[in-house]
Amino acid sequence: MKLLEEKIKTDGVALNEHILKVDSFINHQIDPMLMQEMANEIAAHFKGRGITKIATIESSGIAPALMVSLALGVPLLILKKQPSKILNQDLYQTVVTSFTKETNYELTLSKKYISQNDHVLIVDDFLANGEAATAAIRLIRMSYATIAGLGILIEKSFQPGREKLEAQGIEVYALARIGNMGENFISFI
């Protein structure tokens, strides 16, 4: 998506070969018009595939996922990074390894809001190593729901996430695919 690529070039900051800051328009501050355009693009790509729910991992994925949810007219499931203090039963749970943050965390999904009849599209802001997406897939599959695919705003294509997910039979649709980056340098595929 050229609009997103241009925004990354003008407002994104590549700190090094692994970290791209897009906090001025995707997560700390959100450009709602851009978010709507990106969501419409993802929704158009997956339209007509019987999607019953959108899922995302809190927190930076919430804005794009909510907009895709609105565009497709289906509910949004938020996969929590910490177990609820009051809802600690009836949860699907799995562990995620974050290479970016160099930590592990528990991902949870309430059993109340998903069933084997659901066909779920996962939406997130970034795809890099694919660990978070793999954990989200694992969590959703615990309910015997099916996965429609993965809609991503920004993919770091030089990292193994896409290959990992495609090897699991998951379609990956990314709006901007970064082929290479370094300090103050970004190139797109």
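Counting other C-beta atoms within 10 Å, and keeping those with at most 11, which DSSP coil GluC sites (Glu not before Pro) do you find in the range 79-187?
Passing both the DSSP loop test and the Cβ count: 102, 183.
Which longest uninterrupted range of the chain lacks any trypsin sites (Lys or Arg not before Pro) assigned by DSSP to a loop state (not H, G, I, E or B) and surrounded by at most 14 other Cβ atoms within 10 Å?
Counting at most 14 other Cβ atoms within 10 Å as exposed, the longest clean stretch of the chain is 102-189.
For residue 91, enumerate residues with amide H under 5 Å from its amide H, sequence gap 5+ or separate chain, H modeled in the peptide plane.
111
How far is helix 62-72 tilted, in degrees, relative to the longest principal axis of the Cα atoms in the chain, given as a value from 0 to 90 rounded to the nearest 10?
70
Of all accessible surface on the chain at a 1.4 Å probe, what whole percent is carbon and sulfur?
51
Using only the alpha-carbon atoms of the range 78-186 as identical scatterers, what base-10 log of I(q)/I(0) does the Debye formula give at q = 0.20 Å⁻¹?
The calculated log intensity ratios at q = 0.20 Å⁻¹ are -1.07.
How big is the accessible area of residue 103 in square angstrom, nearest 10, if you roll a 1.4 angstrom probe over the protein chains?
Its heavy atoms expose roughly 60 Å² to the probe.
Please turn the phi angles of the range 125-138 into ³J(HN,Hα) values with the Karplus equation 6.51 cos²θ - 1.76 cosθ + 1.60 (θ = phi - 60°), one per residue in order, whole Hz, x for glycine and proline.
Per residue, the Karplus-derived 3J(HN,Hα) values read 7, 10, 10, 10, 7, x, 5, 5, 5, 4, 5, 4, 4, 4 Hz.
So how exposed is residue 143, as accessible area in Å² (1.4 Å probe, rounded to 10)?
10
Which value in nm describes the separation of the simple spin-label points at residue 144 and residue 93, placed 7 Å from the Cα toward the beta carbon?
Rounded to a tenth, the inter-label distance reads 2.3 nm.
For the chain, treating each Cα as an identical point scatterer without solvent, what Debye log10 I(q)/I(0) comes out at q = 0.10, 0.13, 0.19 1/Å?
Scattering profile of the chain, log10 relative to I(0): -0.37, -0.64, -1.38.
Ignoring ligands, DNA and RNA, what accessible area per residue does the chain give at 1.4 Å, in Å²?
50
Between residue 44 and residue 119, what length comes free when the chain is fully extended (0.36 nm per residue of separation minus the Cα-Cα distance, one decimal in nm)?
25.4 nm
The values are calculated or read from the model by the stated rules, or taken from the named source; none is laboratory data. These numbers come from a predicted model, not from an experiment. Virtual Cβ from ideal backbone geometry, glycine too; neighbours counted across all protein chains shown. Accessible surface is based on the protein model in full, side chains and every heavy atom, while ligands, DNA and RNA are left aside. Shrake-Rupley method; radii C 1.70, N 1.55, O 1.52, S 1.80 Å.
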